[in-house]
């Protein structure tokens, strides 16, 4: 009797190709929806970090806003108002960049 129950519950074979097709489709969807846009954002952010120069206004991920006064390989020195504090932060903490040229255009 147990053998009859097991045979009745057995799933029919032949679904291997459809399973592989569905898995391939899922991988493709994940790539185009999640991975590719993240890679584009990462490249754009890296280009922004590489273009930082003295005199640019930046905003860090912590919310500090300041003017770049010195550059190092992996960090920058900011002059932060109102007391003109000079802070050293890593380049990776910069979230937004406003160049002096963009400021003139907006005014």
Out of everything in region 71-99 that is closer than 20 Å to residue 41 by Cβ and touching a strand residue (DSSP E or B) at 6+ places or on another chain (Cβ under 7 Å), what residue ends up being surrounded by the most Cβ atoms within 10 Å (Cβ to Cβ)?
94
Search region 58-70 for residues being under 13 Å from residue 97 (Cβ atoms) and more than 21 Å from the chain's Cα centre (by Cα), and hand back the single one that is surrounded by the fewest Cβ atoms within 10 Å (Cβ to Cβ).
67
For residue 79, indicate whether it is over 26 Å from the mean Cα position of the chain (by Cα) and at pLDDT 95 or above.
yes
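The values are calculated or read from the model by the stated rules, or taken from the named source; none is laboratory data. What you are looking at is a predicted structure, and each value in this text was computed from that prediction instead of being measured. All Cβ positions, glycine included, derive from the backbone under ideal geometry; neighbour counts span all protein chains shown.
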